[in-house]
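Read the structure below first, then the notes.
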Amino acid sequence: MHDTWTPLHAGDRTLVLEFGESIERDIVDQVVLLDTRIHAAMTAGELQGILETIPTFRSLALVFDPLRTTPDELVGQLRHLNSGTLEQTDSESSHWQIPVHYGGESGPDLDSVAELTGLQPERVIELHQSMLFKVYMLGFLPGFAFLGDTPSELHLPRRTEPRVRVPAGSVAIANQLTGVYPWDSPGGWHILGNTPVPLFDGQLNPPALFKTGDTVSFRAIDTAELQALKDEIDKGQFQRSSLRQRDL
Amino acid sequence: MNDTHPASGAGIRIDTPGLLSTLQDKGRFGLRHLGVPWSGVLTPAWQQLANSLVGNAVDTCVIESFEGGLRLSTGDTPVRMAVMGSPDLKMQQQTGDRQTPVKPCRSYTLAPQTTLMLNSTGSLRHAVIAFHGLQTSSQLGSASTYAKAGLGGIDGAALSAGDQLQISTPAQGPELECEDPVLNHYLGSRLRVVLGPQDDHFSANGIDTFLNSEFRLSTDVDRMGARLTGPAIEHRDKAARDIVSDAIIPGSIQVPGNGQPIVLLNDAHTAGGYPKIATVISIDLPLLGLQRPGNAMFFEAVSVASAIECVRAEAAALQDAIDRISPVRDAVLSTETLLAHNLIDGVTDGLSL
């Protein structure tokens, strides 16, 4: 892992390990791998003083207790972190299949995306469904997942007119990313569809459905299946684990 | 969690919440990787002092209240409380009775059916109030209120009229007093910063402007962040003023295209796409949530080593102040406090039988 990251200061209690300045799956993989190694070392009693880690597109931020350690000490320890053993990082990640109701009221921008890309709406759905996405990071809102990469045929800049309210459950695209909104929020992404499944539940731990490094694919559902799922969720019968796929 | 019974029994009823009153403990840690901010009290030193004054563990939940208007009442049992800040706070036992001032840095025993009124938070924008034995329910490791995701507090929200807070046991022993080792610091105008992580996105002029100009607190300050106004801080490349998102922590100073700095605070989102010129050191963050709009602030660059030295020194000073907490010595014993003491004794005897 030597020299793949640069330490950057972020105050008296955070150290940023920067891997790059662009959005690339390869960088995310490196971030997730180092994050996994660090947590394994913490479990083994090493890297004393780290309180939590924050993986992002470009970096891994380490929050530490300034009463117990310093960035210099941590960088020294990280340079000697055993890089040998850990190769089974896949076991830490889950694969999720998310049901999406594309178009109509659920996806008010499907038609405009089709128009802007010169594709039929059916083809837009087909392309979006065909992709095995990876969770590049969470943030912006609790549980909000940035997924990549959206098929290149669908790359569009953000809408010129952002919406005041993007409804919770919206599955939306901008540039190379797909986002899934756990909450109502303002937003400028193109909304292709909506998923009824809860993406953030404060009663569960972890509260967020996804974590960085997980893989995600989308499955189109019709209005009848959407309603059936909503009923199941309303009755409290829905299980998060039903979305987890054992085999990719 | 949503109790609707009237103000009776061991507890406190919120009569009016004021501008914004929330339950906050140290914060909800370990979930930033899922986009969940820490939340937590903006002035942790005051949380620790106030809790120590009422005999709680230092991390116990407190009420953080902005500006005036918070009004609460005790039920059938006395309640030990303490406030930190510069508030105009008064207690009143019966409507029409004399209002007695409640000073900071000291615990008081509120008699049953007493109303506590935060008329204003004085020269600072918020105050912190601790109650002995305050019971709160923890969600994802903290009782801190984060309303955006419905976490903590009372049903995931800020305090509102009619909310009932439970108190476990009445306090025993004498009322206590302390010194406030951080108040003068919080009244200052200097925000110490560590440059980075994206200081290289700013021109030399931009860094100079940032470190050698006066910035004023705007009216746009809340638990998410504080916007300051001043001369525009120049980016190095005007065409590339956004960055690929990376982590934000409380103290991160984002500078968007308009060149005006935003210091992110406890409820801010966990990642963002504006370059961050510097990070305000943790012990200087309380100034932003306490000082008034229009106040002039200055950013001063320090090294990480020096920042950590200052943080450790303030932690030691705080611990020293906590260790030196002692019974109130020169208290003028008013009728109310005498009455409260008698009631406490009565309750204590009753419980021990």
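Here residue A:54 does not fit the description of being open to solvent by less than 20 Å² (accessible area, probe 1.4 Å), more than 9 Å from chain B (Cβ to nearest Cβ), modelled with pLDDT of 95 or more and within 20 Å of residue B:280 (Cα to Cα).
Can you find a residue in segment B:261-282 that is free of Cβ contacts under 8 Å to residues at least 24 places away in the same chain and in a loop (DSSP other than H, G, I, E, B)? No; the residues of segment B:261-282 include none that is free of Cβ contacts under 8 Å to residues at least 24 places away in the same chain and in a loop (DSSP other than H, G, I, E, B). Of all residue pairs spaced 6 or more apart or on separate chains, those with beta-carbon atoms under 8 Å, a first member in segment B:19-43 that is closer than 23 Å to residue B:185 by Cα and surrounded by fewer than 23 Cβ atoms within 10 Å (Cβ to Cβ) and a second member that is charged (D, E, K, R) and modelled with pLDDT of 95 or more are B:26/B:59. Among the numbered conditions (1) open to solvent by less than 10 Å² (accessible area, probe 1.4 Å); (2) of a type in the set (A, V, I, L, M, F, W, C); (3) over 29 Å from residue B:294 (Cβ atoms), the only one that residue B:127 does not meet is (3). Scanning segment A:186-238 for residues that are without any contact (Cβ under 8 Å) to a residue 60 or more places away in the chain, outside any loop (DSSP other than H, G, I, E, B) and surrounded by fewer than 18 Cβ atoms within 10 Å (Cβ to Cβ) yields a total of 9.
Each residue in segment B:44-68 was checked for being out of contact with any strand residue (DSSP E or B) (no Cβ under 6 Å at 6 or more places or on another chain), hydrophobic (A, V, I, L, M, F, W, C) and either open to solvent by less than 10 Å² (accessible area, probe 1.4 Å) or in contact (Cβ under 8 Å) with a residue 12 or more places away in the chain (or both), and 2 of them qualify.
Each residue in segment A:150-164 was checked for being modelled with pLDDT of 95 or more and of a type outside the set (A, V, I, L, M), and 5 of them qualify. If you go through segment A:239-248 and pick out every residue that is open to solvent by less than 90 Å² (accessible area, probe 1.4 Å) and either among the β-branched types (Val, Ile, Thr) or in contact with a strand residue (DSSP E or B) (Cβ under 8 Å, 6 or more places away or on another chain) (or both), you end up with 2. Just a yes or no: is a residue in segment B:215-232 within 14 Å of chain A (Cβ to nearest Cβ), open to solvent by 30 Å² or more (accessible area, probe 1.4 Å) and in contact with a strand residue (DSSP E or B) (Cβ under 6 Å, 6 or more places away or on another chain)? No, because not a single residue in segment B:215-232 is within 14 Å of chain A (Cβ to nearest Cβ), open to solvent by 30 Å² or more (accessible area, probe 1.4 Å) and in contact with a strand residue (DSSP E or B) (Cβ under 6 Å, 6 or more places away or on another chain).
Does residue B:109 satisfy being of a type in the set (S, T, N, Q), part of a strand (DSSP E or B) and loosely packed, with under 15 Cβ neighbours inside 10 Å?
no
Total residues in segment B:139-158 satisfying the condition of being touching a residue at least 24 places away in the same chain (Cβ under 8 Å), open to solvent by 10 Å² or more (accessible area, probe 1.4 Å) and part of a loop (DSSP other than H, G, I, E, B): the figure is 4.
Of the residues that sit in segment B:261-283 and are of a type in the set (Ser, Thr, Tyr) and at the interface with chain A (Cβ under 8 Å from one of its Cβ atoms), which one is most open to solvent (accessible area, probe 1.4 Å)? Let's see the steps before the verdict.
Initial filter on segment B:261-283 (of a type in the set (Ser, Thr, Tyr)): B:270, B:274, B:279, B:282.
Checking the rest, the ones that are also at the interface with chain A (Cβ under 8 Å from one of its Cβ atoms) come to B:270, B:279, B:282.
Values: B:270: 2, B:279: 3, B:282: 27 Å².
Among residues in segment B:261-283 that are of a type in the set (Ser, Thr, Tyr) and at the interface with chain A (Cβ under 8 Å from one of its Cβ atoms), the one most open to solvent (accessible area, probe 1.4 Å) is B:282.
Tell me, please, whether a residue that is closer than 17 Å to residue B:222 by Cβ, within 12 Å of another protein chain (Cβ to nearest Cβ), in contact with a His (Cβ under 7 Å, 6 or more places away or on another chain) and assigned to a loop (DSSP other than H, G, I, E, B) can be found in segment B:284-293. Within segment B:284-293, none of the residues are closer than 17 Å to residue B:222 by Cβ, within 12 Å of another protein chain (Cβ to nearest Cβ), in contact with a His (Cβ under 7 Å, 6 or more places away or on another chain) and assigned to a loop (DSSP other than H, G, I, E, B). For segment A:1-46, the set of residues classified as open to solvent by 50 Å² or more (accessible area, probe 1.4 Å), within 9 Å of chain B (Cβ to nearest Cβ) and in a strand (DSSP E or B) consists of A:9 only.
Do we have any residue at all in segment A:132-145 that's of a type in the set (D, E, K, R) and within 30 Å of residue B:150 (Cβ to Cβ)?
Just the residues of segment A:132-145 that are of a type in the set (D, E, K, R), to begin with: A:134.
Within this subset, residues satisfying the condition of being within 30 Å of residue B:150 (Cβ to Cβ) are A:134.
Yes, because at least one residue in segment A:132-145 is of a type in the set (D, E, K, R) and within 30 Å of residue B:150 (Cβ to Cβ).
The values are calculated or read from the model by the stated rules, or taken from the named source; none is laboratory data. These numbers were taken from a predicted model, which means no experiment stands behind them. When we count neighbours, we look across all protein chains shown, and the Cβ atoms used for this are built from the backbone with ideal geometry, even at glycine. Remember, those area values only see protein heavy atoms, side chains included, never the ligands or the DNA or RNA. Shrake-Rupley method; radii C 1.70, N 1.55, O 1.52, S 1.80 Å.
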